[in-house]
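Working notes, structure below.
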Amino acid sequence: MAFPWARRTASDKRDATMNILIEGTYSEEEREVFDHTFSRHNVTYLDDVTPEGDMGDAQVLIFRSWRTVAPLLSSMKRLEFMQYLFAGVDRLDFSSIPSHITVASCSGSNATPVAEHAFAMLLALSKHIKEHHESLSKGVFSQQSPLAAELAGKRIGIIGYGEIGARIGRYARAFEMEVYAVNSTGTSDADITVTLGGLHGILHDLDFIVLSIPLTVHTRGLIDAKALSMMQDDATLINVSRGEIIVEGDLYEHLVSHPDFSAGLDVWWHYPHKGARWEQAHPFLELPNVLATPHNAAMVEGWRLRTVRYCSENVLRYIEGKEVKNKVRKEDYLM
């Protein structure tokens with residue numbers, strides 16, 4: 001089946017019929033969202049295209065798999081806008097995307113469940129939920145060992161104060177915590193805000209550190225042995241961003257040498273291929289001061305449909321000439 005697209009040369013996108021190519025497999029309900037949102041435009045699903053189908057007229061690309069769309073980009077001569085259906089764009093090869101093409105992520109589409117998950121980990125670690133559960137399962141009724149930490153009056157540093165980070169900040173204030181934020185501007189609604197350049201200056205002040213910052217050339221390896229050494233010996237580190245923000249070996253060694261330090265990890269350095277065994281270069285799950293989840297912070301009931309709606313609305317913003325959300329700064333991903 002060839003694409004049913006007619007060429008349009010209108011310079012004003014608000015009045016133009018756009019050719020939209022959608023990569024990925026979607027449920028009937030998800031397709032209905034796309035079809036309804038883009039009812040005035042020409043929509044084609046890559047799954048429905050035969051090998052001889054012409055994709056050259058695609059102006060907008062909505063996609064989930066970079067591996068699938070990367071070989072197709074060179075044939076999409078009219079492509080203007082790419083909407084990725086995931087928050088992190090670190091898996092995209094920006095050197096192969098022409099400079100005139102705008103790329104957007106869906107960062108923030110599932111900010112609420114990710115922020116909730118981060119705070120759940122923080123609560124579980126600070127209250128020693130896992131240890132007390134395991135003690136009771138062994139018949140040991142130990143009320144005071146270990147003692148839980150009280151959150152009120154504690155200091156939390158949120159590295160990456162976008163939609164996820166700001167929500168974590170609101171949850172922390174509800175627990176009467178003092179909020180430190182690290183972002184690109186140095187201004188926010190937090191009690192204290194610094195840029196990445198000021199990170200090392202605040203680490204020792206923090207009882208809790210949450211990583212919710214994108215993985216870029218500037219943040220890869222941000223938390224290394226030096227940064228960890230600046231943290232309090234009994235601090236808690238939560239990561240819901242990307243594993244590579246932290247130097248894997250440095251964190252493991254720090255957890256071993258600082259048993260009162262704890263880490264809640266939802267994201268990892270190594271991911272298994274389908275059906276393969278999950279494992280890391282270091283045995284984190286053998287450590288009592290680690291709480292782990294399988295990168296599922298965003299995965300609550302309805303998360304895929306929410307993402308489709310969020311991204312569809314963002315594409316429509318582009319088509320209508322409005323400000324696009326989550327526009328990616330390509331220079332942050334190019335060496």
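The values are calculated or read from the model by the stated rules, or taken from the named source; none is laboratory data. What you see is a predicted model, and the numbers here were worked out from it, not measured in a lab. Neighbour counts run over all protein chains shown; Cβ positions are idealised from the backbone, glycine included.
Structure notes:
- Scan region 309-335 for residues that are of a type in the set (A, V, I, L, M, F, W, C), assigned to a helix (DSSP H, G or I) and in contact with a Lys or Arg (Cβ under 9 Å, 6 or more places away or on another chain) and the total you get is 2.
Every residue, every condition in (1) touching a residue at least 40 places away in the same chain (Cβ under 8 Å); (2) under 25 Å from PRO113 (Cα atoms); (3) part of a helix (DSSP H, G or I); (4) aromatic (Phe, Trp, Tyr), yes or no:
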residue	(1), (2), (3), (4)
VAL217	yes, no, no, no
ASP234	no, no, no, no
LEU237	no, yes, no, no
LEU251	no, no, yes, no
PRO259	no, no, no, no
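- Residue in region 204-221 that is out of contact with any strand residue (DSSP E or B) (no Cβ under 8 Å at 6 or more places or on another chain) and farther than 27 Å from HIS270 by Cα present: yes
- Boolean, SER126 is within 30 Å of PRO259 (Cβ to Cβ), touching a Lys or Arg at 6+ places or on another chain (Cβ under 9 Å) and either modelled with pLDDT of 95 or more or acidic (Asp, Glu) (or both): yes
- Each residue in region 175-193 was checked for being of a type outside the set (Ser, Thr, Tyr) and over 24 Å from PHE261 (Cα atoms), and 5 of them qualify.
- Test: residue in region 196-214 that is surrounded by 20 or more Cβ atoms within 10 Å (Cβ to Cβ), under 15 Å from the mean Cα position of the chain (by Cα), small (Gly, Ala, Ser) and not in a helix (DSSP H, G or I): yes
- The helices (runs of 4 or more DSSP H) located wholly in region 65-166 that include 1 or more residues which are in contact (Cβ under 8 Å) with a residue 12 or more places away in the chain and outside the structural domain of ARG317 (by TED's automatic domain parsing) occupy 111-126, 129-137.
- First in region 320-335 and β-branched (Val, Ile, Thr), second anywhere and surrounded by 11 or more Cβ atoms within 10 Å (Cβ to Cβ) and not in a loop (DSSP other than H, G, I, E, B), Cβ under 7 Å, 6 or more apart: VAL324/THR102; VAL324/ALA104; VAL324/ASN314; VAL324/ARG317; VAL324/TYR318; VAL328/VAL103; VAL328/ALA104
Okay, residues lined up against (1) surrounded by 16 or more Cβ atoms within 10 Å (Cβ to Cβ); (2) under 30 Å from SER126 (Cα atoms); (3) touching a residue at least 24 places away in the same chain (Cβ under 8 Å):
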position: LEU265; (1), (2), (3): yes, yes, yes
position: TRP269; (1), (2), (3): yes, yes, yes
position: LYS274; (1), (2), (3): no, no, no
position: VAL290; (1), (2), (3): yes, yes, yes
position: ASN296; (1), (2), (3): no, yes, yes
position: GLU301; (1), (2), (3): no, yes, no
position: VAL315; (1), (2), (3): yes, no, yes
